[in-house]
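The values are calculated or read from the model by the stated rules, or taken from the named source; none is laboratory data. The shown structure was predicted, so the numbers you read here are calculated from the model rather than taken from an experiment. Please note: Cβ atoms are built from the backbone with ideal geometry, for glycine as well, and neighbour counts cover all protein chains shown. We work out accessible area using only protein heavy atoms, side chains counted, and drop any ligands, DNA or RNA first. Shrake-Rupley method; radii C 1.70, N 1.55, O 1.52, S 1.80 Å.
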Amino acid sequence: MALKQISSNKCFGGLQKVFEHDSVELNCKMKFAIYLPPKAETGKCPALYWLSGLTCTEQNFISKSGYHQAASEHGLVVIAPDTSPRGCNIKGEDESWDFGTGAGFYVDATEDPWKTNYRMYSYVTEELPKLINANFPVDPQRMSIFGHSMGGHGALICALKNPEKYKVRLPKLPVTTFAPICNPVLCPWGKKAFSGYLGTDQNKWKAYDATHLVKSYPGSQLDILIDQGKDDQFLSDGQLLPDNFIAACTEKKVPVVFRLQEGYDHSYYFIATFITDHIRHHAKYLNA
């Protein structure tokens, strides 16, 4: 599959690149960002996937989070895809900021007219990793995932649904998120997205809901870190519902560290403050 390089910038001794390719899953051109640390010049490095939130492209994380120094120091290849298909000419795809373009919700749509293109779950768990493994110096045996908001939801469900795919050399797998949408079947964002992409059968919804998935997760071999801003308007609006996820984890004895950060909101200023902690958390396992 042909990759077209869009940009390349040196950063902390490594290279921040953006590529475009024709996606089979999404039936459109897609961009992704990839950071190649200095260590990638001489050998294969672990792969850490970042999933962004509503309205984002591949650019938000790489330009705002300040992750490069930590990724460079720990020798991690970091991949950040876009958040939805683009330019599919589907009626209604650009009508709202929380559905359609920029809001793929990391599900495989089953409803018309979305099901032909909106297959972000298969894109981030199947097509993109195969593309990365085939074209870049990554070790497919060392791979983990993290994300923010809608992307935090994506990171949690990808890890919970694919215990064999995300792997490290230690018995536990790290998953970290910033302000994730933890229980989408119960929040306004999730209800809107899931009813549009998946239809009215709520059993289909539960297959993409971290709080429901963790209840049937086979084992406790996860090490989950969640940072949540205490002044996050979406927390108080009932969009994120972390308490429901924590309760489900506690019941299943799945380890989760939840840090409520005083004074922080939902923005990239919050992410930039704690991103080094998250990179370090993954590196502890990926470099073991």
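Restricted to segment 52-81, and to residues that are closer than 18 Å to Ser267 by Cα and in contact with a helix residue (DSSP H, G or I) (Cβ under 6 Å, 6 or more places away or on another chain), which residue is most open to solvent (accessible area, probe 1.4 Å)? Ranking the qualifying residues of segment 52-81, first place goes to Lys64. Name the single residue, out of those in segment 1-17 being touching a helix residue (DSSP H, G or I) at 6+ places or on another chain (Cβ under 8 Å) and under 16 Å from Ala134 (Cα atoms), that is modelled with the highest pLDDT. Restricting to residues being touching a helix residue (DSSP H, G or I) at 6+ places or on another chain (Cβ under 8 Å) and under 16 Å from Ala134 (Cα atoms), the top hit is Leu3.
In contact (Cβ under 8 Å) with a residue 40 or more places away in the chain, over 14 Å from Val107 (Cα atoms), open to solvent by 20 Å² or more (accessible area, probe 1.4 Å) and part of a helix (DSSP H, G or I), is that true of Phe245?
no
Does segment 142-188 hold any residues that are free of Cβ contacts under 8 Å to residues at least 60 places away in the same chain and of a type in the set (D, E, K, R), and which are they? Lys161, Glu164, Lys165, Lys167, listed by residue number. All conditions but one from (1) open to solvent by 10 Å² or more (accessible area, probe 1.4 Å); (2) free of Cβ contacts under 8 Å to residues at least 40 places away in the same chain apply to Ser84; the one that does not is (1). Restricting the first member to segment 7-24 and to residues that are under 18 Å from Gly75 (Cα atoms), and the second to residues that are outside any strand (DSSP E or B) and open to solvent by 60 Å² or more (accessible area, probe 1.4 Å), the beta-carbon pairs closer than 6 Å and six or more apart or on different chains are Phe12/Gln69. I'm checking my understanding of the structure. Among residues of segment 155-175 that are open to solvent by less than 40 Å² (accessible area, probe 1.4 Å) and touching an Asp or Glu at 6+ places or on another chain (Cβ under 8 Å), which one is nearest to Glu262 (Cα to Cα)? The residue in question is Val175.
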